[in-house]
């Protein structure tokens, strides 16, 4: 699949994820080395910075779970006063990063993220 076709497919996947998950205000698929592959982020968010931070946070999360023998990392969860940033692996080459409002139903967000991450894995295989 051509890179442009894959980016379009992944962008559509992110749009569908956002539409089915109330409270989610943005999402991105990021390479393990910190480059945005596809994103649907608010205009106020700088895509390159988010991509770099997400890759770094996932790496630190993996190191932490390894150091404390917690098994495989499931997700990195950051909670602020106004909302959440959640990052999870989406295969060996990608990370799914989600920004959600404080009123988001986290159980639904986690479930939909797992489903979206599996679709990303399949699309990038």
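The values are calculated or read from the model by the stated rules, or taken from the named source; none is laboratory data. In this text the structure is predicted, and so the values were computed from the model without any measurement. Cβ coordinates were reconstructed from backbone atoms using ideal geometry, including for glycine residues, and neighbour counts include every protein chain displayed.
Values as computed for the structure displayed
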item: Matching residues, region 1-50, being part of a loop (DSSP other than H, G, I, E, B), modelled with pLDDT under 95 and touching a strand residue (DSSP E or B) at 6+ places or on another chain (Cβ under 8 Å); result: 32, 41, 42, 45
item: Given (1) at pLDDT 95 or above; (2) in a helix (DSSP H, G or I); (3) surrounded by fewer than 19 Cβ atoms within 10 Å (Cβ to Cβ); (4) under 15 Å from the mean Cα position of the chain (by Cα), number of the condition residue 77 does not satisfy; result: (2)
item: Single condition residue 85 does not satisfy, out of (1) closer than 22 Å to residue 23 by Cβ; (2) in contact with a strand residue (DSSP E or B) (Cβ under 9 Å, 6 or more places away or on another chain); (3) part of a helix (DSSP H, G or I); result: (3)
item: Hey, residue 104 buried (at least 18 other Cβ atoms within 10 Å of the Cβ) and over 26 Å from residue 6 (Cα atoms) or not; result: yes
item: Filtered residues of region 88-106 (kept if out of contact with any helix residue (DSSP H, G or I) (no Cβ under 9 Å at 6 or more places or on another chain) and part of a strand (DSSP E or B)); result: 101
item: Any hit, region 61-71, residues being in contact with a strand residue (DSSP E or B) (Cβ under 8 Å, 6 or more places away or on another chain), farther than 20 Å from residue 3 by Cβ and touching a residue at least 24 places away in the same chain (Cβ under 8 Å); result: yes
item: Members of region 26-60 that are surrounded by fewer than 17 Cβ atoms within 10 Å (Cβ to Cβ), in contact (Cβ under 8 Å) with a residue 40 or more places away in the chain and under 17 Å from residue 10 (Cβ atoms); result: 31, 32
item: Residue 109 vs. criteria outside any helix (DSSP H, G or I) and either within 16 Å of residue 20 (Cβ to Cβ) or more than 12 Å from the chain's Cα centre (by Cα) (or both); result: no
